[in-house]
Amino acid sequence: MQLDLDNWRVQVKKGYLELCILLLIRKRKRMYGLELLERLSDLELSLKEGTLYPMLNRMTDDGLLASTWETEGIKGHPRKFYALTRKGLGALSEMEDEFNKMVELVLKIQK
Amino acid sequence: MNNDIKIEYYLLQLDRELKPLPVSERAEIITEIKSHIREASEKDPSRPIDRILQEDFGLPKVVAGRYLSAKGLKPSSGGERGKKVFKWLAVGTVAFFAFIFFAGMMAVWYFSPLIKVDNEKGRVVLLGGLIDVNEQIGQVKVGDLVVNDALKESVEIHGDEDVWEKGIRLIKIPFNTAKLDVSHTEKRRLVWDCKVSADAESPQVDVSAGVLTLNLDRLNLAKCAIRIPIGMRTEIQGVNGSMEVEYPRESLDISLNNGRVKILPDPRQVYDFDVKVKNGLQDFFPRSNDKGAVKVKVSVVNGMVKKE
């Protein structure tokens, strides 16, 4: 059976997408949905709006993100900004360690 | 069908599919998605609204399913069994299907928009006008209740309590529908001056275990000026109304379901503000880790929190 590379890519991407989202938010301190999608698109990590917003909602429910609404200076488009909580920072640090271990393992096998 | 109708119809369908969630959470999801659609459409006017709705977001049922499954909930439409029932109805009664579609369009018009926020005019309108917070005219309207500066046939009620003598550490002020002007005073007494309708009851005061409760629940549509002694933590919980807080100088915790809170910070004071508005508007309020910072927490479900 031939390996379906596209399917493999999708599965792998699912694994590190949440890590990338948390990394981006940590880097910028706080981001709102459209801004996050644009940045992911720049990095060629395409993600549908109908997937991102429920994901952000779940991460907020899990306590990894905190959200605040802002409307000052924005005409008619209230923006919901997301920032990492202390729990989110801790979880992200663990995810980074795990990811780095996986990369080291693959490099080790490749030698 | 013009773009506004397409967007509102999509959001109405999404709102229906999100039915297992609390109203306030559904409203917040709808506001976020609507705001995204409008901003994305403005940034790229060449991209048709249909593509944003159908390709970028997808079917309302599928999007709602993602929100719900993360919380261990099922979509309200009932899954596979619902599909079979709907198919049977569609095949058996075309007229019934057309009626459902028409009723849906009428619901879109009636409740449209679900949430409308106008920052320039300081106005938040929810559920087609059921809740209307208008800063320009200083009015909060919830259903048939209207809170503004006008109060016909009013009587004045004055009261005060020596909080230090009674060993009070916390003051609680619950109210139903009112307009409150809150400030702090260096005097020892908690003071309230209320204008109420002629047939209203007086405020109830209860003291227990270091907590003084000034209960304004039974004063419907009251206007009260309240002066709180410095050194007293205060919690104010209201259902509907308007609040103005001038120069807070002590820890304050305000929660309001529907309405407006306006804060005038003291420029000589460092504050740690924690302000949350679920559906509506809020100005930027600074936070501070400074040990001497006055903590002011404000939570409004529907409405606005503004800074003077």
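Rule-based calculations on the coordinates, nothing more; no lab input. Quick caveat, the model's predicted, so the values are computed rather than measured. Ideal geometry is used to build each Cβ from the backbone, glycine not excepted, and the neighbour counts take in all protein chains shown.
Loop only per DSSP, at most 10 neighbouring Cβ atoms within 10 Å: give me the trypsin sites (Lys or Arg not before Pro) in the range B:232-300, ordered by residue number. Within the range B:232-300, the qualifying trypsin sites (Lys or Arg not before Pro) (loop, at most 10 other Cβ atoms within 10 Å) are B:Arg268, B:Lys291. Normalised by the number of residues in the range A:1-87, the mean separation of alpha-carbon contacts (under 8 Å, six or more apart) gives a relative contact order of 29 percent. Proximity of backbone amide H atoms, modeled 1.01 Å from N, is registered between B:Ile236 and B:Ile173, B:Asp253, B:Ile254, B:Ser255 at under 5 Å, excluding neighbours fewer than 5 places apart on the same chain.
Using just its DSSP H runs of length 4 or more, each adding -39500 (n - 2.57), the protein assembly as shown gives a mean residue ellipticity at 222 nm of -12000 deg cm²/dmol after division by all residues. Going by a ≥ b ≥ c, the root eigenvalues of the Cα gyration tensor, does the range B:176-280 fall in the rounded group (a/c under 1.5), the prolate group (a/b larger than b/c) or the oblate group? Oblate is the answer for the range B:176-280, as a/c is 1.5 or above yet b/c matches or exceeds a/b.
Between the amide H of B:Leu219 and those of B:Asn176, distances stay under 5 Å, these residues lying 5 or more places away or on another chain, with hydrogens modeled in the peptide plane.
In this Cβ point-charge picture (+1 for Lys and Arg, -1 for Asp and Glu), the range B:168-277 has a dipole of about 160 debye about its Cα centre. If you average the C-alpha positions of the range B:40-61 and of the range B:154-196 separately, how far apart do those two centres end up, in angstrom? If you average the Cα positions of each part, the centres end up 52 Å apart. Here's how it looks for B:Val261: its modeled amide H is under 5 Å from those of B:Met243, B:Met304, B:Val305, B:Lys306, which are all 5 or more places away or on a different chain. Pairs over the 26 Å Cα-Cα cut-off, from the set A:Lys87/B:Lys19; B:Lys179/B:Lys306; B:Lys71/B:Lys172; B:Lys116/B:Lys223: A:Lys87/B:Lys19; B:Lys71/B:Lys172; B:Lys116/B:Lys223.
Peptides B:177-188, B:47-58 ranked from most to least packed by the mean count of surrounding Cβ atoms within 10 Å: B:177-188, B:47-58.
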